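Take a look at the structure below.
The values are calculated or read from the model by the stated rules, or taken from the named source; none is laboratory data. On a predicted model such as this, the values are computed, not experimentally measured, just so you know. FYI the Cβ positions are ideal-geometry reconstructions off the backbone, even for glycines, and counts take in every protein chain you see.
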Number of protein chains: 2
Amino acid sequence: MFLYGESRETMMHVAGLMPFTPAPGTPPDHLRRLMDEIKAGAEVFRPWNFKLRTPDLLWNPLQGWVEEANVDREYHVRRSAVPMPGDERELGILVSRLHGSPIDFHRPPWEAHLIEGLEGGRFALYVKVHHALVDGFSAMRVLSNALSLDPAERDRPLFFSIPPPAREPRLGDEDGGGVHFPELLAAVRAQYGATKSVARALMNVVQSTRAKDHELVSPLQAPRCILNARISRSRRFATQKLETARMRAIAKAANGTLNDVILALSAASLRRYLEELDALPTGPLVAMLPVSVRAKDDLGGGNAVGAILASLATHVADPAERIATIVASTKHAKQQLQGMSKAAIIQYSALITAPSMLQMIPTTAGHLRPTFNVVISNVPGPEEPRYFRGARLEAAYPMSIPVHGQALNITCNSYAGSVCFGFTGCRDTVPHLQRLAVYCGEALGELERALL
Amino acid sequence: MFLYGESRETMMHVAGLMPFTPAPGTPPDHLRRLMDEIKAGAEVFRPWNFKLRTPDLLWNPLQGWVEEANVDREYHVRRSAVPMPGDERELGILVSRLHGSPIDFHRPPWEAHLIEGLEGGRFALYVKVHHALVDGFSAMRVLSNALSLDPAERDRPLFFSIPPPAREPRLGDEDGGGVHFPELLAAVRAQYGATKSVARALMNVVQSTRAKDHELVSPLQAPRCILNARISRSRRFATQKLETARMRAIAKAANGTLNDVILALSAASLRRYLEELDALPTGPLVAMLPVSVRAKDDLGGGNAVGAILASLATHVADPAERIATIVASTKHAKQQLQGMSKAAIIQYSALITAPSMLQMIPTTAGHLRPTFNVVISNVPGPEEPRYFRGARLEAAYPMSIPVHGQALNITCNSYAGSVCFGFTGCRDTVPHLQRLAVYCGEALGELERALL
């Protein structure tokens, strides 16, 4: 389904940006040596050697994965450098550009970029993966889990050279936050059957969504907003890293969850940003967020990802009142979700993980009043520091997929005592995206002053 | 017509790579300052502010240029850096990658990249322009003419901020080597009329070409060769810079032209390269090359670009005998071209400047026996050294367009006593492209030993 959404403007790849601090004494040409090592014969394990069976006919009903016997490592792994002064801004520009170029479907759909030239001899790894190969919720976890817990381990290869475990890993086991793509796709396929036309299947999703919207979030109606316009091909990316402990203290004071604080910080940032552009809607913005639920009819022990719509209370000026409204809204939505069947939850999952499906009905794209204004997701990541050959992973920022009608995406990933925010937006529809990241950081202090 | 050929694999943009040696005392952050200056308000003059009227419908018969009032300078001008050690190889990799990404048709179709991090504090300018905006024969000239003759001039802006002359410059006046794209397009349009279908027009070109081929190059028949396969989306680019004086000495000894020497060097390089891959055809490779001619029915004073097919004599082992065969072949072809009408010459021009047209008939792409194996062109450039704010232009390498069935393109540009060769190829169809550049350089000494 992610393939159906692929077009020049809406590219269905997700990515992760991982800056590292090298160990003392690391030679300045260490990335060049790493590249030489990879070229000399790094192994490429599944799924990183999977490519599409019919890349020129993405919609082919016989589409599937085949193994590429001879993965061109020099194509998939690339070196880059940021221009002077090598600050976060220059890194953001480079990564926005890398994120804006499409993936070649004639090869395994991923790229890894070793980025040097950051201030203080630091470097970064940027990995781009098509959503069809590794879904967005798992991508960051797969990448960080490929790193080492041991700063002294110096010969660990990059993620694609790490053999897969004997049994297929069940993502979500660890903390219930993920859903495995093949599982999801199989379920969606079973629901719609292989013979139904794609258009029909899409209409089913849209219609059932509308019906469920009513049931689920009856009090909410997303206002028209500049975030819900058509997008261009260019991306902007901005990051923010905040201490989990500070956010948990606020969650406790507000009688809510860490997710509620993420929503409140996003809400404060969006309110200030849209106000400055003189584009703040009078009604509250509506966020769609994936949550982990257990369905009432699910006899197995697994979790599923459901979606809820929550008010961001952007019409409320007072920070304390705003977060209280958000907490109430998400509580209400989650209670309703508990009563849903697994099939209904999976329909939501499909809609969330492939928001582009709505776009497939050409007339709706960027024209209809949106069901929600922005997708905000939070994916749990490792809590212990990770290393690559002694270099410490500083942060792990997820980059997601803006589509027509959803020009901004906020995705968070927790890592080693921090929440790493990734703001991915359309360069033209969401100008000065960097401000959203800055305001998000400033909103934390504001909430502390209001609540603690 | 160049727009019709646009697809993910065959992108119709040309480019120039221009390395510079900065003046002594240039501050290390000079490119950052230049970027700040451009962002602060550099003007963008025509044609650099032209964009397509209907970018989502390239084939629209009402397609045309409109002026973009608000050119996003930060989008079109970008900073990049090469990773360590900043040598020609790393520059080649970066530029290949930049050349492999498509141009956004929703904006004026050009990009300029300021590339830092080259050895010895050097930098480079890489400019990508869609063929429909500035044709390949003029692009390098437009770019180098925008530079200064005066090393002391320190406030000259980049090419897009230089106002166009009062009257449209007639390219080709200077040395007869160019043809102005709008003129060509207008002529082609007049020939086919606006109402004829594109498919019909294309068939006309193909059929007349076949008829003319027979008339023109009857003794030549291009052999099947790996260069004439389908291509992928990735590019490789390699460069070579050779002294014009050395090449002229060989031309004189061989009783030929500078172009003949370019062909002989390309032939020697291709022979050695293909032999190593065990893929040298038994018959001689056939090159298509644009030449400047005056048609028999042209009453005006202008020149036109015609095309000739010439044998590369790659079946001949002896360098002296090989260049003699090439000289005889080009002489014969040029004599025949003199007898052609201007209309016929323009048909050839269209075919040469947009080789993708043949690809538009899907079944022929990469399957039919090729009419020629490789396009080799030579575009005269400025003979005096050029400067940008005191930085000396070292060389000006043209990058051209591989298409399905023509996976390699050799384009030369003369500059300040040198001939700059640009080898643009498909990364997958033409492996180890760098070797072609190296062998081309070594062939010069070989010819000197054989002839002088």
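The condition of being within 21 Å of the chain's Cα centre (by Cα) and within 12 Å of chain A (Cβ to nearest Cβ) holds for B:Arg89. When A:Arg78, A:Arg46 are screened for being of a type in the set (D, E, K, R) and free of Cβ contacts under 8 Å to residues at least 60 places away in the same chain, only A:Arg78 passes. Taking B:Ser138 and the conditions (1) touching a Leu at 6+ places or on another chain (Cβ under 6 Å); (2) within 20 Å of A:Arg78 (Cα to Cα); (3) touching a residue at least 40 places away in the same chain (Cβ under 8 Å); (4) surrounded by fewer than 22 Cβ atoms within 10 Å (Cβ to Cβ), which numbered condition does it fall short on, given that it satisfies the others? Going through the list (1) touching a Leu at 6+ places or on another chain (Cβ under 6 Å); (2) within 20 Å of A:Arg78 (Cα to Cα); (3) touching a residue at least 40 places away in the same chain (Cβ under 8 Å); (4) surrounded by fewer than 22 Cβ atoms within 10 Å (Cβ to Cβ), B:Ser138 breaks only (2).
Restricting attention to the range B:301-326 and to residues that are among the β-branched types (Val, Ile, Thr) and closer than 16 Å to B:Ser377 by Cα, the residue that is modelled with the highest pLDDT turns out to be B:Ile326. All conditions in (1) within 14 Å of chain B (Cβ to nearest Cβ); (2) buried (at least 20 other Cβ atoms within 10 Å of the Cβ) hold for A:Val129, with the sole exception of (1). Quick one: in the range B:92-112, of everything that is of a type outside the set (A, V, I, L, M, F, W, C) and either more than 11 Å from every other protein chain (Cβ to nearest Cβ) or buried (at least 22 other Cβ atoms within 10 Å of the Cβ) (or both), which residue is nearest to B:Met399 (Cα to Cα)? Per the stated criteria, the residue is B:His99. Would you be able to say whether some residue in the range A:366-389 is at pLDDT 95 or above, part of a helix (DSSP H, G or I), surrounded by fewer than 22 Cβ atoms within 10 Å (Cβ to Cβ) and in contact with a strand residue (DSSP E or B) (Cβ under 8 Å, 6 or more places away or on another chain)? No, the range A:366-389 contains no residue that is at pLDDT 95 or above, part of a helix (DSSP H, G or I), surrounded by fewer than 22 Cβ atoms within 10 Å (Cβ to Cβ) and in contact with a strand residue (DSSP E or B) (Cβ under 8 Å, 6 or more places away or on another chain). Would you say B:Ala450 is more than 14 Å from chain A (Cβ to nearest Cβ), buried (at least 21 other Cβ atoms within 10 Å of the Cβ) and within 24 Å of B:Val286 (Cβ to Cβ)? Criteria not met by B:Ala450. Against the numbered list (1) closer than 22 Å to B:Ser96 by Cα; (2) in a helix (DSSP H, G or I); (3) not β-branched (Val, Ile, Thr), A:Arg89 comes up short only at (1). Being without any contact (Cβ under 8 Å) to a residue 12 or more places away in the chain, of a type in the set (Lys, Arg) and within 11 Å of chain B (Cβ to nearest Cβ) is a condition met by at least one residue of the range A:28-35. When the range A:390-426 is filtered for residues that are in a loop (DSSP other than H, G, I, E, B) and either free of Cβ contacts under 8 Å to residues at least 60 places away in the same chain or of a type outside the set (A, V, I, L, M) (or both), the ones remaining, listed by number, are A:Gly390, A:Glu394, A:Ser400, A:Pro402, A:His404, A:Gly405, A:Ala416, A:Gly417.
With respect to being surrounded by 15 or more Cβ atoms within 10 Å (Cβ to Cβ), assigned to a loop (DSSP other than H, G, I, E, B) and within 14 Å of chain A (Cβ to nearest Cβ), B:Pro83 fits the description.
Scanning the range B:242-291 for residues that are in contact with an Asp or Glu (Cβ under 7 Å, 6 or more places away or on another chain) and either aromatic (Phe, Trp, Tyr) or free of Cβ contacts under 8 Å to residues at least 40 places away in the same chain (or both) gives a single hit, B:Ala251. Determine, yes or no, whether A:Ile93 is at pLDDT 95 or above and within 29 Å of A:Val403 (Cα to Cα). Here the answer is no, as A:Ile93 does not meet what is asked.
Can you say whether A:Ala42 is within 16 Å of A:Phe160 (Cβ to Cβ), surrounded by 15 or more Cβ atoms within 10 Å (Cβ to Cβ) and of a type in the set (Gly, Ala, Ser), as far as the supplied structure shows? Yes: the conditions hold for A:Ala42.
Of all the numbered requirements in (1) crowded, with 19+ Cβ neighbours inside 10 Å; (2) modelled with pLDDT under 85, A:Ala15 misses one, and that requirement is (2).
Checked against (1) facing another protein chain (nearest Cβ under 10 Å); (2) assigned to a loop (DSSP other than H, G, I, E, B), A:Ile115 passes all but a single condition, namely (2).
Within the range B:134-159, the set of residues being under 14 Å from the mean Cα position of the chain (by Cα) and either modelled with pLDDT of 90 or more or not small (Gly, Ala, Ser) (or both) comprises B:Val134, B:Asp135, B:Phe137, B:Met140, B:Arg141, B:Val142, B:Leu143. Taking A:Asp155, is it acidic (Asp, Glu), in contact with a strand residue (DSSP E or B) (Cβ under 9 Å, 6 or more places away or on another chain) and on the phi < 0 side of the Ramachandran plot? It is false that A:Asp155 is acidic (Asp, Glu), in contact with a strand residue (DSSP E or B) (Cβ under 9 Å, 6 or more places away or on another chain) and on the phi < 0 side of the Ramachandran plot.
When A:Glu68, A:Glu74 are screened for being over 23 Å from A:Pro382 (Cβ atoms), within 14 Å of chain B (Cβ to nearest Cβ) and surrounded by fewer than 15 Cβ atoms within 10 Å (Cβ to Cβ), only A:Glu74 passes. Looking across A:Glu43, A:Glu68, A:Glu37, one residue alone is of a type outside the set (A, V, I, L, M, F, W, C) and either at pLDDT below 90 or in contact with a helix residue (DSSP H, G or I) (Cβ under 8 Å, 6 or more places away or on another chain) (or both). It is A:Glu43.
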